[in-house]
Structure formats: C-alpha cells, structure tokens
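Peer 1: Okay, here's the structure, questions in a sec.
Please treat every number below as a calculation from the coordinates, not as lab data. The structure displayed is predicted, hence computed values, not measured ones. FYI the Cβ positions are ideal-geometry reconstructions off the backbone, even for glycines, and counts take in every protein chain you see.
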Amino acid sequence: MAQIKRETAVICMINDLLRGSFIRTEGWNPSYFSTEIGDVSRVSLMGVVVSKDASGNVVIDDSSGRILLRSFENNAFHDLNIGDLIMVIGRPRVYNEEKYVLPEIIKKMDHKWGAYRQLQLKLLRKKTGLRKKEARILVKEEKQPINHFQKIIEFIKDLDAGEGADIEEVKKRSGAPNAEELINKLIEEGEIFEVKAGKLKVLE
C-alpha cells in the first residue's frame with residue numbers, strides 16, 4: 001500500500017472553509033479545500049462550542065462563521081460543553097453539500113488563547129497575503145464522466161441493511177478496476193468506515 005504523507009494543519013478561520021470549494025484528487029493525494037488562503041487538506045481551528053445535537057455532533061463558532069464537527073466514534077465529544085473554547089485539528093469535508101470537519105485532535109483551551117489566535121491569524125495573513133494556489137492535476141467530481149467515488153458511496157448506502165455493506169459486493173458493483181484503492185482512500189478521508197471486518201458504512 002502507498003505511504004500516505006500527513007499534511008500540515010493550516011491555521012485558518014471557519015469562513016475560509018465556508019467560502020472554499022471541496023476538490024477531490026486522484027490517487028493517494030489528499031482531497032482538499034481550495035480557499036483564498038491556499039489549498040487546505042488539514043486545518044487548525046479554534047472556536048467556541050455553541051451547540052450539540054442529539055447524535056452528539058458539535059457546532060463551533062470563531063466569530064467568522066460556524067461549522068459542524070462530525071465523528072463516527074461513539075462519545076467523541078462527550079466531555080465538551082456549550083461555551084467551551086476548543087482547538088480542533090482535522091480534515092475538512094463535505095456531505096450532502098454541508099461542510100464539516102472530521103476531527104483528529106480536540107483540545108480545550110483557556111479563553112485567553114482566543115485573543116492570541118486572532119493575533120496569530122492577523123500576522124499570518126500580513127506575512128503571506130493571498131498566495132497563488134499551487135498547480136495540481138485536479139479531478140473535480142462534477143467533471144468526471146464516471147465518478148467512482150460517489151458510486152461507491154451510493155452502493156454502500158444501497159447495500160447497507162443496518163450491519164454495513166459487504167466490501168466485496170461494493171467492489172464488484174462499482175465496476176472500477178481500482179475499487180479497493182478507492183475504498184481505502186474514502187476510509188482514509190473519513191467519508192466511509194469499516195464497522196467490522198468486511199463491512200462498510202457511510203459516515204452520516
């Protein structure tokens with residue numbers, strides 16, 4: 001299996017993501033958000049918890065906007081309370097046209113760090129400005145003649161009767177010659193997960 005390089009977490013505001021566009025790349029290159037501050041595949045955000053829904057997902061606000069934190073791990077946010085200031089490092093994603101972050105690290109912060117982060121962001125923007133985006137070979141989902149990523153997600157949903165979709169059946173139905181590689185990438189990016197050996201589910 002190809003070695004996946006962990007991308008550097010980019011310090012940014014929530015609004016940078018909300019105004020950006022999600023781009024899915026080919027192969028093992030990480031998918032990312034194309035934003036005014038550059039291409040972002042991992043983020044470092046700091047915000048206040050403003051809500052928790054019935055399923056345990058959390059919304060944070062950093063004064064520039066609000067974004068959802070989602071996880072397929074049970075009780076991932078159980079120790080977070082409304083009003084907590086937290087730092088989040090994770091991967092920005094899109095599901096059903098809603099932008100969210102799949103956290104890798106969550107840390108509660110003292111509220112004095114909020115002012116420090118604002119200063120940090122101001123200095124970073126002054127130093128770097130609006131950088132030109134790096135040239136990459138991109139594959140936008142809406143421009144693919146056959147979107148195997150989306151087809152795999154749809155097949156998993158169709159085949160999942162509650163216990164997860166059989167991975168071999170998903171690979172067979174997808175018709176993609178590199179179906180296993182595509183499935184592994186979707187797992188790596190947090191779009192789907194293996195609920196148990198050989199069974200896949202979509203993160204919802």
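Peer 1: Mind running the shape call on region 144-202? Use the C-alpha gyration tensor, a ≥ b ≥ c as the square roots of the eigenvalues: rounded below 1.5 for a/c, prolate if a/b tops b/c, oblate otherwise.
Peer 2: In terms of gyration-tensor shape, prolate.
Peer 1: How much length is gained on full extension from Ser34 to Glu188, taking 0.36 nm per residue of separation minus their Cα-Cα distance?
Peer 2: The Ser34-Glu188 span can extend by a further 53.5 nm.
Peer 1: Work out, step by step, the length gained on full extension between Ser21 and Leu159: first 0.36 nm times the residue separation, then minus their alpha carbon distance; give nm to one decimal.
Peer 2: Gain on extension, Ser21 to Leu159, equals 46.7 nm.
Peer 1: Rounding to the nearest 20 debye, state how big the charge dipole of region 44-92 is about its Cα centre with +1 on each Lys and Arg Cβ and -1 on each Asp and Glu Cβ.
Peer 2: Dipole magnitude for region 44-92 comes out near 160 debye.
Peer 1: Rounded, prolate or oblate: which one fits region 10-128, using the alpha carbon gyration tensor with axes a ≥ b ≥ c (rounded when a/c is under 1.5, else prolate when a/b beats b/c, else oblate)?
Peer 2: On the way: a/c = 1.89, a/b = 1.08, b/c = 1.75.
Oblate shape, in that a/c is at least 1.5 and b/c is the bigger or equal ratio.
Peer 1: Using 30 Å as the Cα-Cα cut-off, could you pick out the over-long pairs in Lys172/Lys196; Lys107/Lys151; Lys107/Lys172; Lys151/Lys196?
Peer 2: Working: Lys172/Lys196 19 Å; Lys107/Lys151 36 Å; Lys107/Lys172 41 Å; Lys151/Lys196 21 Å.
Those over the limit are Lys107/Lys151; Lys107/Lys172.
Peer 1: Compute the length gained on full extension between His78 and Met109: take 0.36 nm times their separation in residues and subtract their Cα-Cα distance, giving the result in nm to one decimal. Before the final figure, lay out each step's value.
Peer 2: Numbers: separation 31, 0.36 × 31 = 11.16 nm, distance 1.62 nm.
Contour length minus Cα-Cα distance gives 9.5 nm.
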